[in-house]
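One structure is given here, and the rest of the page talks about it.
The values are calculated or read from the model by the stated rules, or taken from the named source; none is laboratory data. Predicted model only: the values in this text are computed from it and were never measured. Cβ placement follows ideal geometry from the backbone for every residue including glycine, while neighbour counts extend to all protein chains displayed. We work out accessible area using only protein heavy atoms, side chains counted, and drop any ligands, DNA or RNA first. Shrake-Rupley method; radii C 1.70, N 1.55, O 1.52, S 1.80 Å.
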Amino acid sequence: MTGFKTIIEPFRIKSVEPIRFTTPAQRAAALEEAGYNPFLLHARDVLIDLLTDSGTGAMSKHQWAGMMQGDESYAGAESYYRFEAAVRDITGLRCVIPTHQGRAAERILFGTILQRGDIVPNNTHFDTTRANIEAAGAIALDLPVAEGRQPQLRVPFKGNLDLAALERCLTDNAGRIPLVMMTVTNNSGGGQPVSMENLRGAHDLCRRHGVPLFLDCCRFAENAWFIKTREPGWAEATPLEVARAMFACADGATMSAKKDGMSNIGGFLALNDERWAERMKNNLILTEGFPTYGGLAGYDLEALAIGFYEALEEDYLRYRIRSIEYLGDKLTAAGVPIVQPTGGHAVYLDAKAMLPHVPPAEFPAWALGCVLYVEGGVRGVEIGSVMFGRQPDGSEKPAAMELVRLAFPRRVYTQSHVDYLGEVILQVHALRHRIRGVRMTHRPEVLRHFTARFAPVQGKLLAEPGA
Ligand code: F0G
């Protein structure tokens, strides 16, 4: 901290990556070519890419230097032991299994322990978590607190799990719940944090029912920052101390280290139960690799061992969370509906509130995402009825919220990029009455948002002025 009000980026830039400017006409053509699915665009056609904060961050000079120490031995590499030591130090979990990313950890965890008909409660499952549970024939159950589904409500821990609902669920389904999960921060629920009180409450309930609690801990450092700054009693603790207290509630964790591992690839599965770990390592060998590399290069493990600690640095977290809030404040002041308060890694536009004239069957958040791209070259991601509307039996049900997530890559964009974003979103907000919906012309069955294709219901995304 400098004693001045302005919170600056806590780094200077050593290597730059040019971005390419395009016109709205060029972008409209690119989007049409991509079947109105931003996932299918060429990244070179995107000006500011907020599709995800996953694997898109900039590494530090320490990480790049660390990569030169990478030990590429097939078995027993030094890099693995450095990685294992970092994960153990932060999580306190004994068995550390590296994976190439988060969903590999999920597949191995669920593929090893779930039986058909089992139930896995969570505050809110992320799409890959849900898909991996359903692929194992089990049920992914979301139990967020009611506040979590009211985008405009400003309370500090909207990522919390509904403990009363969890207690009922554990009582009513004894024997069918092999584990409970909690996602920190709650990504699909607006990047909202989970409080220490809620984590401890879930831990007590799980212990009483003899069910292990696992954290989906992709953004554990951001969650730790919110506990430190929002929850009474934690202001004096360092983010590392808060993180350790969070993990003390858990019997295991899955991690996409592409987020708070500050790396472009990587993940892990960590747990205390050695018998489960043994079976999971055997499962890992089938598709990921030997348990001391798990599908990663030795140099990736080095970058991660350093990155986990960089994600916990106070100057970094202060700047990170403030960048998101800075955009949120601009939008809120201009009356743009967003999920309040701003969460850890993204600003979530509330398309249901912005486009009440577009019904869920015409995917308002998807349409809004398309317009943001054409108008300003900004790419976000829909978290709404395209991502979550298809039910396991093939029927359609509107998602609880229709959001466009604008996720910030770590240490990549500067304040002027954020100012530009604010301008683009305000312009799109001014056009909101003209925005029309889309229909899905190609409907894949699993994780359809990645590959579905669309067409504007009225032939164009924007109706003529006054129409
Ligand atoms: N859990 C959560 C909460 C996530 O946000 C993600 C990924 C995963 C699990 C899966 O990890 O991608 O490494 O396999 N989220 C990214 C996103 C893709 O854009 O939010 P992965």
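Observations on the structure shown:
- Long-range neighbours under 7 Å by Cβ, at least six apart or interchain, first residue more than 16 Å from residue 179 (Cα to Cα) within the range 242-263, second charged (D, E, K, R) and more than 15 Å from the ligand (Cβ to nearest atom): 242/228; 262/310
- In the range 167-179, the condition of being within 19 Å of the chain's Cα centre (by Cα), in contact (Cβ under 8 Å) with a residue 12 or more places away in the chain, open to solvent by less than 70 Å² (accessible area, probe 1.4 Å) and within 16 Å of the ligand (Cβ to nearest atom) is met by no residue.
- Residues (within 28 Å of residue 462 (Cβ to Cβ), open to solvent by less than 10 Å² (accessible area, probe 1.4 Å) and either in a loop (DSSP other than H, G, I, E, B) or among the charged types (D, E, K, R) (or both)) located in the range 310-338: 336
- Flag if residue 245 is within 21 Å of the chain's Cα centre (by Cα) and part of a helix (DSSP H, G or I): no
- Among the residues of the range 180-195, just one is more than 13 Å from the ligand (Cβ to nearest atom) and in a loop (DSSP other than H, G, I, E, B), namely 195.
- Selection status of residue 416, more than 22 Å from residue 329 (Cβ to Cβ), assigned by TED's automatic domain parsing to the domain that holds residue 34 and either free of Cβ contacts under 8 Å to residues at least 12 places away in the same chain or surrounded by 24 or more Cβ atoms within 10 Å (Cβ to Cβ) (or both): no
- Yes/no for residue 353 being assigned to a loop (DSSP other than H, G, I, E, B) and either over 30 Å from residue 60 (Cα atoms) or among the charged types (D, E, K, R) (or both): no
- Close Cβ contacts (under 9 Å, 6 or more residues apart or on different chains) running from residues in the range 86-107 that are on the phi > 0 side of the Ramachandran plot and in contact (Cβ under 8 Å) with a residue 60 or more places away in the chain to residues that are assigned to a loop (DSSP other than H, G, I, E, B) and away from the ligand (no atom under 14 Å from the Cβ) comprise 92/248; 92/250; 92/272.
- Enumerated strands (runs of 3 or more DSSP E) restricted to the range 385-467, each holding at least 2 residues that are more than 25 Å from residue 148 (Cβ to Cβ): 438-442, 453-456
- Residue in the range 353-366 that is without any contact (Cβ under 8 Å) to a residue 60 or more places away in the chain, within 16 Å of the ligand (Cβ to nearest atom) and buried (at least 20 other Cβ atoms within 10 Å of the Cβ) present: yes
- Residue match in the range 115-138 (condition: more than 16 Å from the ligand (Cβ to nearest atom), open to solvent by less than 40 Å² (accessible area, probe 1.4 Å), at pLDDT 95 or above and in a helix (DSSP H, G or I)): no
- Just one of (1) more than 16 Å from the ligand (Cβ to nearest atom); (2) closer than 30 Å to residue 63 by Cα fails for residue 381. It is (1).
- Qualifying residue in the range 295-304 (condition: at pLDDT 95 or above, outside the structural domain of residue 448 (by TED's automatic domain parsing), open to solvent by less than 20 Å² (accessible area, probe 1.4 Å) and within 23 Å of residue 414 (Cβ to Cβ)): yes
- So residue 154, is it in the same structural domain as residue 136 (by TED's automatic domain parsing), open to solvent by 30 Å² or more (accessible area, probe 1.4 Å), part of a loop (DSSP other than H, G, I, E, B) and charged (D, E, K, R): yes
- Residue ID - least open to solvent (accessible area, probe 1.4 Å), chosen from residues in the range 157-166 that are part of a loop (DSSP other than H, G, I, E, B) and away from the ligand (no atom under 16 Å from the Cβ): 157
- The range 16-29 residues that are part of a loop (DSSP other than H, G, I, E, B), paired with ones that are open to solvent by 80 Å² or more (accessible area, probe 1.4 Å) (beta carbon under 7 Å, 6 or more apart): 20/44
- The one condition from (1) touching a residue at least 60 places away in the same chain (Cβ under 8 Å); (2) open to solvent by 10 Å² or more (accessible area, probe 1.4 Å); (3) within 26 Å of residue 188 (Cβ to Cβ); (4) not basic (Lys, Arg) that residue 203 does not meet is (1).
- Considering only residues in the range 78-112 that are within 14 Å of the ligand (Cβ to nearest atom) and either assigned to a loop (DSSP other than H, G, I, E, B) or among the hydrophobic types (A, V, I, L, M, F, W, C) (or both), the one that is nearest to the chain's Cα centre (by Cα) turns out to be 101.
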